[in-house]
Amino acid sequence: VFWAALAAPGIIWLILLFIVPFYVVLAIAAGQLNQLFGTPIAAWNPLDWSSANLIGVWHNIVGSGAFVGPIIIRTLYYTAAASVISLLIGYPAAYFVARFAGRRKALFLVLLIAPFWISYMMRMLAWIDLLQTNGYVNKVLTFLHLVSHPVNWLGGQSYTVILGLVYGYIPYLILVLYAGLDRIDGALLEAGRDLGLGRVRTFLRVTLPLSRQPILTGMLITVLPMLGDYFTNQLLSGTPGTAMIGNVIDGDLSTQAFEGQGAVLSMLLLLALVVPMIYYVVATNRSSREAV
Amino acid sequence: MTTTAATPVQPGAGTVGGQAARSPLLRLRRNPWGHPWFLEGFTWLYLLWSIVPIALAVLFSFNNGKSQSVWQGFSWRWYFSDPVNSVLHDPQLRLAVIQTLRLSTYTTLIAIPLGVAFALGINRWRGYTSSTFNFVMILSFVIPELIFGVAMFFLFTDLFKSVGLGTLAETLGLVTWNVSWPAIIVQARLVTIGRQYEEAAADLGATQPQIMRRVMMPLLAPAIFASAVLVFSSVIDDFVIVDLLNNSVGNTPMSVYIYSQQHGGNGGPALNALGTIMLVMSFVIAIAGYFGYRVMTRGERIGTQQALATIAGA
């Protein structure tokens, strides 16, 4: 009873402020629009649920003149591109620090962790400064005669947004990869060498298979927030041509008439991500139990 | 999340292989392939890429001009010298700094007791309910913040209408989002310290509250401290929740202010000054947190890397 009493405030808090909120989203998604005022009416009773919002969103995704469909495809493309680039940059860096940093490991770790303590906004601001038409990136490129005219990086370019996403989320990936690679028992690598494998083949046959789990969880930890990102492209391009699904949801909240659509979209996004999220929770639970 | 608090000494640390990895001479002899210079160069390039832009952004906060991209000499004008547009004198900028500090303080003060009590209760009270809520707790680590923020937005605009948007809504949202730090870190610590201290105290006749106060609290102190550091600094850097739940100048924190002023144009070096203030706050807390954690755990065998990982929440 003592322990239950200790846990009770936290449990009540989670019910009221974590579980109930999602029911509210559901009620609004399944509610209707007040035709007179253009405000959403939540349907608290499941018997009153209507599919009006869902059908509306469905037409926006696949119907003629649908605008959400292309945005979903763009979101998937940006997220896939950004997470693959993150992995290609992040894996070698994490691998080096975990295996070869030697006595300088603490220094490298501090440098890898530093971005965690810097606000996302500050990190995006840094790139906005650099990528302006008269910014340093254009200055260096024109100085080297790589481009003849300054490039309008911030004028709605897909690659700017993708690089922004990479820059924003790669520290999380690297830390997960580092933790996973650091845990690999050195004896296994020595065994590989003793059996006559070269460095490349030791990596391919031993390290890479053993890092499958960290790669998966690391990718998830970058992909999940990227799918809900609306600020990176807003800051680095700000044009509808690079909008992601997060922008649609965020925009819907500012007009009451669209709140129902926003609720449906965020529910659909949640549904789409339920399986990977549960996988992530189970996988980290398992590995932390192994670590203890 | 996996290497929290006090996991035992790393495997292989005392063995021949572990020592060889640390001594460059032995490593060279053992390793006929030599040092991977290419990988090291690549890693340094990555680190430069990740750090130089931010260093430049900090530099531009001292720019003696309105540009965020052309250097015009050093000045403090965007911090306090300018009588109108500096962080000190522009009411909006000043309010943003105050709001961030306020939210961090409120959130830490509420989330830590809540999370610690939850961790203690859940860890000792095994059952279906406890494992379900533990799962919910960890879920809040992976659920995209936008989805959670949308749920909070609807909660305060359609169900708990008396709360509305503003500081209270922001605090409630941030507590819910961050309570998993103490809950998970303290649970990891509970697992490593085991039950023997509690049982010994009980055998010596201590009552449950006495055990809590005299035995558990001192043992849990480093974990509680580390999670407080993490909660405070995550709130400073939080953006999505406060962006969705703020509704006026008085409750707009720094991150949201930078975002709202910067997109679609040149916000001026005052924003860089604001960002730099956030950065300095976070670094001060991180450094204080690291050394505080080292002092609190000095009786234990915790390495630099492990303390670093704990303070980073890894």
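Only the coordinates and a few stated rules stand behind these numbers; no lab work does. Computed from a prediction, not measured in an experiment: that's the story for all the values here. Positions of Cβ are backbone-derived with ideal geometry, glycine not excepted, and every protein chain shown enters the neighbour counts.
Assorted remarks:
- Within the shell of other residues whose beta carbon sits under 15 angstrom from the beta carbon of residue A:81, the net charge comes to 0, with Lys and Arg scored +1 and Asp and Glu -1.
- Label-to-label distance for residue B:136 and residue A:133 is 5.3 nm, based on points extended 7 Å past Cα in the beta-carbon direction.
- Close amide H contacts of residue A:39 (hydrogens built in the peptide plane, cut-off under 5 Å, sequence separation of 5 or more or a different chain): A:34.
- Charge dipole (Cα centre; +1 on Lys/Arg Cβ, -1 on Asp/Glu Cβ; no other charges) of the protein assembly as shown amounts to roughly 2100 debye.
- Against chain A, whose longest principal axis comes from its Cα atoms, helix A:2-14 is set at around 70 degrees.
- Label point distance in nm, residue A:76-residue A:149, each placed 7 Å from Cα along Cα→Cβ: 3.6
- The Cα atoms of chain A give a gyration tensor whose axes a ≥ b ≥ c have a/c of 1.5 or more with a/b no greater than b/c, which makes the shape oblate.
- Scanning chain B for long hydrophobic helices, with DSSP H runs required to stretch 30 angstrom or more by C-alpha along their axis and to average at least 0.5 on the Kyte-Doolittle scale, returns B:37-60, B:91-124, B:269-296.
- Here chain A is scanned for chymotrypsin sites (Phe, Trp or Tyr not before Pro) in DSSP loops (not H, G, I, E, B) that have at most 14 other Cβ atoms within 10 Å, and the longest stretch holding none of them is A:68-292.
- Rounded, prolate or oblate (a/c below 1.5 giving rounded, otherwise prolate when a/b exceeds b/c) for the stretch B:189-303 by Cα gyration tensor: prolate
- Whichever aspartates and glutamates have a C-alpha closer than 16 Å to that of residue B:66, once near sequence neighbours (fewer than 8 apart) are set aside: A:129, B:82, B:90
- As a rough guide to protection, the peptides A:237-250, B:144-157 ranked by mean Cβ packing within 10 Å, highest first, stand as B:144-157, A:237-250.
- Calculated [θ] (222 nm, deg cm²/dmol) that DSSP helices of n ≥ 4 give over chain A, each run adding -39,500 (n - 2.57): -22000 deg cm²/dmol
- Efficiency of FRET from Cβ geometry, residue B:193 and residue B:72, R₀ 56 Å, rounded to 0.05: 0.50
- Modelled spin-label separation between residue B:207 and residue B:247, with each label point placed 7 Å from Cα along the Cα-to-Cβ direction: 4.6 nm.
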